[in-house]
Amino acid sequence: QLEGSAEEPLAEDHVVLNCHAREAHKHVFQLTGGSKPKTYTVECDLPWVSGEASAQVPAKGNVAFPLTFTPARGGKYTGAVTFKDEAGYFIWWTVEVIVESPLADQSIAMQTVARKSCQAGITLVNPLNEAISFDVVTEGDGVSGPQRFSLAPLGEGTYDLLYAPLIAKAHRGSIAFLNDRVGEFWYELNLEATPAEPFVLEPFACAVGASTSTKVTIENPLPLEIELMGSSSAPSFVVPEKTVIAPYATIEVEITYVPSELDADQEATVVLEHAALGAYEYVCAGRGARPSLMAEHRPAALVGDPQSYMFNFRNPFDVPIDVDVQLEEDAVYPGALRLIMKRDGRDRKSTRLNSSHLCNL
């Protein structure tokens, strides 16, 4: 007496197919007949496989049975193709389909200035009698748009693609529309951002020895903290070396003008930049006027008890100067004193100041 237990048969083979989305790829399965003719029904668990529903295999004969694979969208898919006869006997193959995205339907050029946006319209058509929705995938710096796009039955619509770059460069991107029913459609994007024009600030004006400033606004549209590096082409215009901006925040940066020439025009370019945010350039112009009454100082002392008071004076010029120091009573405000400092005087109480030197008097 013999007893046996039969397990399901192993797959005849593992078939690996490489193809492009929306392109038909044919593969032939070899069927071998037994002692009697057989009729197989064909089954496949992949949705985009087509071919005959049954296969006739003669006794002791061989039959080449083709199936056509037409995947709708890119990706990696696994499944099985099974041939089963009336008695339940079956043979099968495992199938792995590696699908590359289809060739680009169109190439779209988009050009704008850094930190300015432009749009492109992409028209899609729905060939089905039912409404469909596409998953939208974009690639490329500054490229954005809705992540879902819907079309009515047998309708068409225009998708608005936005390109808003932060830095000047030329590169490529892409946009893909994915739907399991109608497949994958994608477009190659040729993107170019030219440098932004510098901002021209209102002219600065103040007396030599004093300073004036203005504020510029910088916005951080990125989800990360930005550290702007500041620089100036001339020492008369000062900007912070480092400015930190929180994600999605806006900050004001102060640009200060400290004139170093008298009755002469001075110019400089101030730059605030970051690798991800780009460069902000500001054209600055200023003119130093003759000094007048400076800020008031109020030293304090007890009556009859002499006290000293330190007065700081900086040479605003780029060259050494001689200044005469004179202290006199103010005629307008009794009890007040005026400290008068004259450049290139001949008074014996003169002080030699180097360029941009801070002196304590």
Next on the checklist: If I filter the stretch 110-129 for residues that are of a type in the set (A, V, I, L, M, F, W, C), crowded, with 18+ Cβ neighbours inside 10 Å and closer than 30 Å to P9 by Cβ, do I get at least one hit?
Outcome noted: no
Checklist entry - Does F313 satisfy being in a strand (DSSP E or B) and either surrounded by fewer than 14 Cβ atoms within 10 Å (Cβ to Cβ) or modelled with pLDDT under 80 (or both)? => result yes
Next on the checklist: It is to be established whether one or more residues within the stretch 269-290 are within 18 Å of K215 (Cβ to Cβ), of a type outside the set (G, A, S), touching a Lys or Arg at 6+ places or on another chain (Cβ under 7 Å) and free of Cβ contacts under 8 Å to residues at least 60 places away in the same chain.
Outcome noted: no
Checklist entry - So, of the residues in the stretch 82-94 that are in contact (Cβ under 8 Å) with a residue 60 or more places away in the chain and out of contact with any His (no Cβ under 8 Å at 6 or more places or on another chain), which turns out to be surrounded by the most Cβ atoms within 10 Å (Cβ to Cβ)? => result W92
Item to check | From the options G288, G278, residue that is in contact with a Leu (Cβ under 7 Å, 6 or more places away or on another chain) and on the phi > 0 side of the Ramachandran plot | outcome: G278
Checklist entry - Has the stretch 102-119 got at least one residue that is in contact (Cβ under 8 Å) with a residue 60 or more places away in the chain and closer than 23 Å to L31 by Cβ? => result no
Checklist outcome for this item: From the option list K26, K38, single residue qualifying as more than 30 Å from D180 (Cα to Cα) and modelled with pLDDT of 85 or more is K38
Next on the checklist: With in contact (Cβ under 8 Å) with a residue 60 or more places away in the chain, under 28 Å from Q119 (Cα atoms) and β-branched (V, I, T) as the only criterion, which of I218, I226 stands out?
Outcome noted: I218
Checklist outcome for this item: Subset of the stretch 50-99, residues over 19 Å from E12 (Cα atoms), within 44 Å of the chain's Cα centre (by Cα) and among the aliphatic types (A, V, I, L, M), comes to A72, I98, V99
Next on the checklist: Name the residue that is nearest to the chain's Cα centre (by Cα), counting only residues in the stretch 232-265 that are closer than 21 Å to F199 by Cβ and of a type in the set (S, T, N, Q).
Outcome noted: T250
Item to check | Qualifying residue in the stretch 3-10 (condition: open to solvent by less than 90 Å² (accessible area, probe 1.4 Å) and either in contact with a strand residue (DSSP E or B) (Cβ under 7 Å, 6 or more places away or on another chain) or aliphatic (A, V, I, L, M) (or both)) | outcome: yes
Next on the checklist: All but one of (1) at pLDDT 70 or above; (2) out of contact with any Gly (no Cβ under 7 Å at 6 or more places or on another chain); (3) closer than 29 Å to F204 by Cα hold for E328; state the number of the condition that does not hold.
Outcome noted: (3)
Checklist entry - Quick one: how many residues across the stretch 1-44 are charged (D, E, K, R), under 15 Å from F90 (Cα atoms) and either in contact with a His (Cβ under 7 Å, 6 or more places away or on another chain) or outside any strand (DSSP E or B) (or both)? => result 5
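The values are calculated or read from the model by the stated rules, or taken from the named source; none is laboratory data. Not measured: the values here are computed from a predicted model. Glycine gets a Cβ as well: all are built from the backbone with ideal geometry, and neighbour counts include every protein chain shown. Just so you know, the surface numbers come from the protein's heavy atoms only, side chains and all, with ligands and any DNA or RNA stripped out. Shrake-Rupley method; radii C 1.70, N 1.55, O 1.52, S 1.80 Å.
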